[in-house]
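Report on one structure; see the data block that follows.
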There are 2 protein chains.
Amino acid sequence: MITYEMKSGWIPGDEENELISEAIGKVIEERESAKAGYFNLPDDSKMIVTEVNAYAASSKPIKNSDTIAVIGVGGASLGTQAIEGMLRHKYPNAKRMIFFENPDPIRLSEKFSMIRKEKTIFLIVSKSGTTIETMAMFKAVIGHFDLDLKNDDRERVIAITDDGSPLCRFADHFGLKTYTIPRNVKGRFSTLSAAGIVPLALAGYDTCSLLQGASKMVRRFFEGNEEHIALKAAFMATHNGSYPMNLLFGYSNAFFSFNRWYKQLWAESLGKIDRCGNRTGLTPMGQIGTVDQHSILQLIMQGPRDKTVTFMKVKDFENDMKIPKVSLEMLPGSNIVSGFTFGELIDIECDTVCEMISKEEIPTDTITFDYLGEENAGEIIVYFQLLTSLIGNMLYIDTYEQPIDEPAERQIIEKLKQGKEIK
Amino acid sequence: MITYEMKSGWIPGDEENELISEAIGKVIEERESAKAGYFNLPDDSKMIVTEVNAYAASSKPIKNSDTIAVIGVGGASLGTQAIEGMLRHKYPNAKRMIFFENPDPIRLSEKFSMIRKEKTIFLIVSKSGTTIETMAMFKAVIGHFDLDLKNDDRERVIAITDDGSPLCRFADHFGLKTYTIPRNVKGRFSTLSAAGIVPLALAGYDTCSLLQGASKMVRRFFEGNEEHIALKAAFMATHNGSYPMNLLFGYSNAFFSFNRWYKQLWAESLGKIDRCGNRTGLTPMGQIGTVDQHSILQLIMQGPRDKTVTFMKVKDFENDMKIPKVSLEMLPGSNIVSGFTFGELIDIECDTVCEMISKEEIPTDTITFDYLGEENAGEIIVYFQLLTSLIGNMLYIDTYEQPIDEPAERQIIEKLKQGKEIK
């Protein structure tokens, strides 16, 4: 279970209430018209889980593997990393996941040296099937590991992409196993599609429960039982000018990759030109407590009042590691922490910082996981996606497009062509 | 060598020129009056290197170790991580560094399981010598590894702290090796003090060259040969209202931890109440290219014009990994990247994105490393510290204080006391 609490004390007026109903209506319409497809993933992807598990049980290379290498950028990778980060500690026997997400030669070399081909399944994930960096890294993987796609290594490579994309045609040509992402699901909304479910299921994660948690959240929202999401969205959207930033302050390293996913979702969905031609958007920030409270708290408290702060915390870490009652000579002050569990310490710190900030009338809200579990991981993904859709509608922008991505890619290709001529 | 280029085309007027001379004057004064001590670290810490190397050569536990565990939070850890991140790939034989920086029970358990006491040197780093989380983690380390500080394990533990701090007295009591941080050097400015130099030297990094690079930058700045730093500072300070955020966009995973260090330096130094009683500050953001350009670029280009963007890139990755000329059937578009090195690809992408942003008249500047080397790593640390000092003076704030840290700690202790009573 996850509980959501807004501390701003904000009560919407008539105008905001209208904005809320309108935005909820639009999200319902997005679902019904299939403009956005992510709402159906929690249910639709259950079939993928069944399929993947059956395939994995029958595939020798998968059975013999201990590593899942995911070659994918942005939406093809961050959501999977977010879920792995929240759950990894519960799966000591899961296959190791290695993410090729940046064409940085130093880290690529490091990752290559960590991989033995015979023990690895390579997933190439690209919605468009043409992403420049993904293709470059895929070629390097083929070259480095001397992958024979026609024969020996065919079962070692799985493609995840849009139906009919160039990558899809490529996979068909070689007879590679392929899973497709629905056309109306954009990369950053695709975590619960094959893009995230296939790698997580292959690695051994309980993706059924993950989807279950997500499905329940979708149902509750459309039944009108999660009104707090629209309320928060309305606050964010109407205070866009005074609070242009939202800081997601996760009190556990388990949220480290989640922060990165959230930043992508928020930045690419909400940084847009609105229907009146105005630049609009909210800037996402991600920090980790307690460590970052030693810096960002100073800026929040005494810097400009331009941020809302969302705390994300875990009630029960299911880890009873205690701060031992070691009494340190000459360090009597340090005894105050003795006897607490680390979970209690981090919880107390989070509450204290949240109280300090709220007292200053900085808008905060708190998201509390009862524990880090699969259902909660699924729920929180959908929660942030719904929140994003609602804010997008309230800002009168197209949440699902990314008009800059394609021209950027085109210009990069242009430069590559010029570079080629010089070479 | 690092080159610095501002692309805003901004020319300071008389008023800004006055602000610049005044701020440079104040930084000179800060150095002369010893208000801030970090300017002298590059020279003063050379002695520490000599000392550490001699000690390491004579200490059996150090000679037998393969792991350096650093127990420290914020300024006691982030700078060391930043440098390790930029240089690690050059040191395949360096000792492994493990950072205990967050009292998160899940990650603590993971890290404990990675460590063998017989092979590890534990550094406890706390300037005040009382940091709650550091002390809690230190106690857990003592308990978990059953450290006998009176006898067998005394040489395994090294303290780095202020002279005369409670931790210093503790270390003296047990006869632990201790290195001190100068009183007038704050945590976030202490990377080149014992706080960073001792762990890096013990791990095997060439800290002499690191300090050398830093020292040259300090000398050049005070000789008046790095005027671009003050120019950039003036732009940031005078455009504080229109551009409240600076995004550091590092085009290499080697800058991942550097981003975290920069965010701490910037947030805690520049988020302050100024001499007129106004909240002021600049909000730091850190992203990694190329991966994050698939999201943040959308926000930068079409969202509100509230960010300056600093690109940080590497000219020569000293890694000739090429994208092989594998021709992929049905994926003809992907052939454009073939034959480039990954270094060239990432470079072309960075330049394209920078051009796209500059064309929109969003202020950008570019920091180009000729390669990732020790001298450059030292220089870039000092560069950002000097930039921070200059901006701080231009905003009329006290760059070096952190007035929120202590009250926060006090309130946490208060809560811990209440918690103890309930227990």
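In chain B, the longest principal axis of the Cα atoms and the axis of helix B:374-394 are about 80 degrees apart. Label zone of A:ASN17 (point 7 Å out along Cα→Cβ, amide N under 15 Å): in the stretch A:220-236 this covers A:231. The per residue volume of the convex hull around the alpha-carbon atoms of the stretch B:222-294 is 126 Å³. Note on the stretch B:101-214: lysine pairs with Cα distance below 20 Å, sequence gap of 8 or more or different chains, count 14. Note on chain B: with a GNM built from Cα contacts shorter than 10 Å, the maximum mean-square fluctuation among B:ASP152, B:ASP162, B:ASP43 falls on B:ASP152.
Applying the Karplus relation 6.51 cos²θ - 1.76 cosθ + 1.60 with θ = phi - 60° to the stretch A:346-362 yields 3J(HN,Hα) values of 5, 5, 4, 5, 4, 4, 5, 5, 4, 4, 4, 6, 4, 4, 7, 6, 8 Hz, where x marks Gly and Pro.
The rule of thumb for compact globular proteins, 2.2 N^0.38 Å, goes into the C-alpha radius of gyration of chain B 1.04 times. Between A:ASN225 and A:GLU360, the FRET efficiency estimated from the beta carbon spacing at R0 = 30 angstrom works out to 0.40. With the charge dipole of the stretch A:306-423 set up from +1 on Lys and Arg Cβ and -1 on Asp and Glu Cβ about the Cα centre, the Cα lying farthest toward the positive end among the listed residues A:ILE422, A:LEU386, A:ILE323 is that of A:ILE422. What separates the B:GLU414 label point from its copies, with the point 7 Å along Cα to Cβ, is 5.9 nm, written shortest first.
When the charge dipole of chain B is built from unit charges on Cβ atoms (+1 for Lys and Arg, -1 for Asp and Glu) and taken about the Cα centre, the candidate among B:GLY25, B:HIS294, B:LEU149 whose Cα reaches farthest toward its positive end is B:LEU149. The lysines within cross-link reach of A:LYS46, meaning a Cα-to-Cα straight distance under 16 Å and a gap of 8 or more places when in the same chain, are A:LYS216.
Just need the relative contact order of the stretch B:38-205 here, percent rounded to a whole number, with Cα pairs under 8 Å and 6+ apart.
34
The stretch A:33-61 and the stretch B:142-157 have Cα centres spaced 51 Å apart. Taking amide H as placed 1.01 Å from N in the peptide plane, B:GLY286 has its amide H under 5 Å from the amide H of B:LEU248, each at least 5 places away in sequence or on another chain.
For the stretch A:228-341, the calculated P(r) over all alpha carbon pairs, in 10 Å bins from 0 to the bin holding the longest distance, is 12, 32, 29, 15, 9, 3, 1 percent.
Looking only at A:ASP365, A:ASP320, A:ASP398, which one moves most when chain A is put into a Gaussian network model with springs between Cα atoms under 10 Å? Its mean-square fluctuation being the largest, the pick is A:ASP320.
The overall shape of the stretch A:38-205, judged from the alpha-carbon gyration tensor, is rounded, with an a/c ratio under 1.5. Where both bridge residues fall in the protein assembly as shown, DSSP classifies roughly 20% of the beta bridges as antiparallel. Restriction of the trypsin sites (Lys or Arg not before Pro) in the stretch B:41-138 to DSSP coil positions whose beta-carbon has at most 11 other beta-carbons within 10 angstrom yields B:ARG116.
Would you mind counting up the charge near B:GLY204? Only other residues with Cβ under 15 Å from its Cβ, with Lys and Arg at +1 and Asp and Glu at -1. So the surrounding residues net to +2. Each 10 Å bin from zero up to the one holding the largest Cα-Cα distance in the stretch A:45-127 carries the following percent of pairs: 16, 44, 36, 4. For chain B, the relative contact order is 23 percent, taking Cα pairs closer than 8 Å that sit 6 or more residues apart in sequence and dividing their mean separation by the residue count.
In nanometres and ascending order, the distances from the A:ASN335 label point to those of the other copies are 7.7 (point 7 Å from Cα along Cα→Cβ). Rounded to the nearest whole Hz, the Karplus-based 3J(HN,Hα) values (6.51 cos²θ - 1.76 cosθ + 1.60, θ = phi - 60°) of the stretch A:230-245 follow the sequence 5, 5, 5, 4, 5, 4, 4, 6, 7, 9, 3, x, 7, 10, x, 10, with x at glycine and proline. Ordering A:SER65, B:LEU372, A:SER126 by Cα displacement along the dipole of the protein assembly as shown toward the positive end leaves A:SER65 in first place; charges were set at the Cβ atoms of Lys, Arg (+1) and Asp, Glu (-1). DSSP beta bridges confined to the stretch A:73-203 are antiparallel in about 0 percent of cases. More than 21 Å apart: what percent of Cα pairs in the stretch A:144-238 qualify? Taking all Cα-Cα pairs of the stretch A:144-238, the fraction more than 21 Å apart is 53 percent. Among B:THR80, B:THR50, B:THR134, the largest mean-square fluctuation in a Gaussian network model of chain B (Cα springs under 10 Å) belongs to B:THR50. The magnitude of the dipole of chain B, with charges of +1 and -1 set on the Cβ of Lys/Arg and Asp/Glu and taken from the Cα centre, is near 1600 debye. With a cut-off of 15 Å on the backbone N, the residues of the stretch B:242-267 near the modelled label site 7 Å out from B:TRP10 along Cα-Cβ are B:242-248.
Each copy carries a label point for A:GLY143 at 7 Å from Cα along the beta-carbon vector; from one copy to the others these points are 5.2 nm apart, nearest first. For the pair B:GLU401 and A:GLU110, a Förster radius of 56 Å applied to the C-beta separation gives a FRET efficiency near 0.90, rounded to the nearest 0.05.
When both bridge partners sit in chain A, DSSP labels roughly 20% of those beta bridges antiparallel.
Pairs from the list A:LYS263/A:LYS313; A:LYS359/B:LYS35; A:LYS313/A:LYS359 with a Cα-Cα gap above 21 Å: A:LYS359/B:LYS35. Can you tell me the 0 to 90 degree angle between the C-alpha axis of helix B:132-145 and the longest principal axis of chain B, rounded to 10? The angle comes out near 60 degrees. At q = 0.04, 0.06, 0.07 Å⁻¹ the log10 of I(q)/I(0) for the protein assembly as shown amounts to -0.16, -0.38, -0.52, computed by Debye summation with a single uniform scatterer per C-alpha, solvent ignored.
The distance linking the stretch A:280-301 with the stretch B:333-362 is 30 Å (Cα centroid to Cα centroid, whole angstrom). Rounded to the nearest 10 degrees, the inclination of helix A:405-422 to the longest alpha-carbon principal axis of chain A is 50 degrees.
Dipole size of the stretch A:38-205 about its Cα centre, with +1 on Lys/Arg Cβ and -1 on Asp/Glu Cβ: approximately 260 debye, rounded to the nearest 20.
If only the Cβ of Lys and Arg carry +1 and only the Cβ of Asp and Glu carry -1, the dipole of the stretch B:276-423 around its Cα centre is close to 740 debye.
Any read-out appearing in this document is the output of simple, stated calculations on the displayed coordinates, not a laboratory observation. What you see is a predicted model; the values in this text were computed from it and never measured. Glycine also receives a Cβ, built like all others from the backbone with ideal geometry; neighbour counts cover every protein chain displayed.
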